[in-house]
Amino acid sequence: MSQTSVPMPLNRSTPSASAETGTSEEIPPQLKQQEMINWNEYLVKTNDVQWICGVEYFRNAPLGGSKWQKYAKHGMVMEVPNPKMESTYWPAIVFGFAGYNALVEFVRVDPNEQKDQQDPNFLEKTYLSLAERDLPTLKPNHWEYCLEEIKSTGKRFKVNEVVEALDMLNCGRNRMGLVTMTLANRIHVQYLDLNEDDEGFWFSQQSEHVHKLGWSHAVGSGIVGARSSIAYPLPDLSEFPLVPTGVSVEATDMFEMRHPVLLHTICVGFVIEPLRFGYFVAGTDWTRPDKCVKIVMHVTSDYILPINFCRKHDIDLKLPMKDGKPIMNFSWRKYLAEMGFKALNLSAIKKEPAKFTKGCKLEAVDLKQPTYLGPATVTDFAGHLIQIHFDRHPRTQENSFQWVSAESPDNYPACYSQAVGHKLACKPERPNPADSFLCHI
């Protein structure tokens, strides 16, 4: 019985970027060469398949979370392209999954009974034998169901919608922008009032850094490009995450945070200015004034971490400076007492620990250059965070690693790019001997 990997298709054809829906029934010429970069070579070695993260780990992805377990079942039968006869299909049984790809075994045939697979009696006998086994199969409306799943992750913003997005020139404020393109759950925002050669920025539809019109005015955040003569509406309350009871934000409250620019770093942070609806202007360590970064965050953001987070998970914290040098033997208790500040109380905010294991493979967006979607490896985890390394980048380079939320909408299952027509930056690497299946405890 021969084995192969086939796409567990999310769409009837590979969609392209669209100015309306983000999908297309035709594959444009510029995407045909991109089909060459995929996971196929990696999946040839079935021993490596076990390193690929399951789709159920990605709650924000199409068919992610609990939906995947209901949709994709071991032992289901489907028709797949016949590798021995072009333009024909043959029944196969699923025995595993690799991201969105299904690992299948073609239904066994008995050459002693019938050598001619084109004989209609033989085909009828094969299908009757499958019917007697009552195996699960795809839904009759499979294509429509999958297409709707893709669209469900891209409904928040539409093409030609004016939005307020994090200003990439100064992440301490927002800038007016226009959604010019969508691709699955990704949107391209062209900033307003910038030079014509500005390339804009790509965001996830679910990004905490893109907002409906009127958001900045509602929370009290700075924005560039707004017109004072226009009365902006108050966005729907769903645009504002709930603030748990007992959580309050005051100026100078301190915490640990994922650095918004140095994405491989977790640093000391503090509240510069409380805003409304649980938002505040956060700043990285002020003892490094030339490198202090401001950014608007919600108190429940996955960027915001309680003090001693790094100590609890045995990871490095970028220490504050004193007399031009990092403080050795740093203690939050002593530091807060010395500065006369207090810790931001995050005890009421509960985050689910990451389900990923060290060594798992996935696809991820490089948040520094968000046109880059490539294969990545989970190299560490800490609470709700995972550290990823982008394949084909030297592990000696710090910036080839990033700390991200396990729930980040910029993380995707393997083969996602192939399913939605997004270019995969490079071929995935084989498992690294330095990685192991170290589970979260």
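The values are calculated or read from the model by the stated rules, or taken from the named source; none is laboratory data. None of the values given here were measured: they were computed from a predicted structure. No Cβ is skipped: glycine too gets one built from the backbone with ideal geometry, and neighbour counts run over all protein chains shown. The accessibility values were calculated without ligands, DNA or RNA, using every heavy atom of the protein model including side chains. Shrake-Rupley method; radii C 1.70, N 1.55, O 1.52, S 1.80 Å.
Identify, from the list 262, 242, 275, 237, the residue that is among the aliphatic types (A, V, I, L, M), closer than 23 Å to residue 177 by Cα and open to solvent by 40 Å² or more (accessible area, probe 1.4 Å).
After ruling out the rest, the residue left standing is 237.
Regarding the range 141-148, can at least one residue be identified that is among the hydroxyl-bearing types (Ser, Thr, Tyr) and under 22 Å from residue 293 (Cα atoms)?
Taking every residue of the range 141-148 in turn, none turns out to be among the hydroxyl-bearing types (Ser, Thr, Tyr) and under 22 Å from residue 293 (Cα atoms).
I'm told residue 248 meets every condition in (1) buried (at least 16 other Cβ atoms within 10 Å of the Cβ); (2) in a loop (DSSP other than H, G, I, E, B) except one. Can you identify the failing condition by its number?
It fails just one condition, (1).
Please determine, by comparing only the residues of the range 336-345 that are in a loop (DSSP other than H, G, I, E, B) and in contact with a strand residue (DSSP E or B) (Cβ under 7 Å, 6 or more places away or on another chain), which one is most open to solvent (accessible area, probe 1.4 Å).
Per the criteria, the residue is 341.
One line per residue, one yes/no per condition, for (1) exposed (fewer than 12 other Cβ atoms within 10 Å of the Cβ); (2) in contact (Cβ under 8 Å) with a residue 12 or more places away in the chain; (3) farther than 14 Å from residue 414 by Cβ:
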residue	(1), (2), (3)
48	no, yes, no
62	no, yes, no
74	no, yes, yes
80	no, yes, yes
88	no, no, yes
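One line per residue, one yes/no per condition, for (1) under 30 Å from residue 95 (Cβ atoms); (2) open to solvent by less than 20 Å² (accessible area, probe 1.4 Å); (3) without any contact (Cβ under 8 Å) to a residue 60 or more places away in the chain; (4) in contact with a His (Cβ under 9 Å, 6 or more places away or on another chain):
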| position | (1), (2), (3), (4) |
| --- | --- |
| 144 | yes, no, yes, no |
| 176 | no, yes, yes, no |
| 186 | no, yes, no, yes |
| 194 | no, no, yes, no |
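Residue by residue, here is whether (1) in contact (Cβ under 8 Å) with a residue 24 or more places away in the chain; (2) surrounded by fewer than 18 Cβ atoms within 10 Å (Cβ to Cβ); (3) among the hydroxyl-bearing types (Ser, Thr, Tyr) holds:
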{"position": "140", "(1), (2), (3)": "no, yes, no"}
{"position": "152", "(1), (2), (3)": "yes, yes, yes"}
{"position": "168", "(1), (2), (3)": "yes, yes, no"}
{"position": "190", "(1), (2), (3)": "no, yes, no"}
{"position": "210", "(1), (2), (3)": "yes, no, no"}
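Given the criteria modelled with pLDDT under 95, part of a loop (DSSP other than H, G, I, E, B) and not hydroxyl-bearing (Ser, Thr, Tyr), does residue 354 qualify?
yes
Exactly one of (1) open to solvent by 90 Å² or more (accessible area, probe 1.4 Å); (2) out of contact with any Ser or Thr (no Cβ under 8 Å at 6 or more places or on another chain); (3) modelled with pLDDT of 55 or more; (4) more than 20 Å from residue 388 (Cα to Cα) is unmet by residue 3. Its number?
(2)
Take residues that are at pLDDT 75 or above and tell me which of the helices (runs of 4 or more DSSP H) falling wholly in the range 13-66 contain 3 or more.
In the range 13-66, 40-43, 46-49 are the helices (runs of 4 or more DSSP H) which contain 3 or more residues that are at pLDDT 75 or above.
Where residues in the range 420-435 are aliphatic (A, V, I, L, M) and in contact with a helix residue (DSSP H, G or I) (Cβ under 8 Å, 6 or more places away or on another chain), which of them is surrounded by the fewest Cβ atoms within 10 Å (Cβ to Cβ)?
Among residues in the range 420-435 that are aliphatic (A, V, I, L, M) and in contact with a helix residue (DSSP H, G or I) (Cβ under 8 Å, 6 or more places away or on another chain), the one surrounded by the fewest Cβ atoms within 10 Å (Cβ to Cβ) is 424.
Considering only residues of the range 367-413 that are of a type in the set (Asp, Glu) and either open to solvent by 10 Å² or more (accessible area, probe 1.4 Å) or assigned to a strand (DSSP E or B) (or both), which is nearest to residue 202 (Cα to Cα)? Steps first, please.
Within the range 367-413, the first condition is being of a type in the set (Asp, Glu), and the residues that meet it are 380, 391, 398, 407, 410.
Still in the running and either open to solvent by 10 Å² or more (accessible area, probe 1.4 Å) or assigned to a strand (DSSP E or B) (or both): 380, 398, 407, 410.
Working: 380: 26, 398: 23, 407: 18, 410: 11 Å.
Restricting to residues being of a type in the set (Asp, Glu) and either open to solvent by 10 Å² or more (accessible area, probe 1.4 Å) or assigned to a strand (DSSP E or B) (or both), the top hit is 410.
Scanning for something open to solvent by less than 50 Å² (accessible area, probe 1.4 Å), in contact (Cβ under 8 Å) with a residue 40 or more places away in the chain and more than 30 Å from residue 397 (Cβ to Cβ), does the range 318-325 turn up at least one residue?
Within the range 318-325, not a single residue is open to solvent by less than 50 Å² (accessible area, probe 1.4 Å), in contact (Cβ under 8 Å) with a residue 40 or more places away in the chain and more than 30 Å from residue 397 (Cβ to Cβ).
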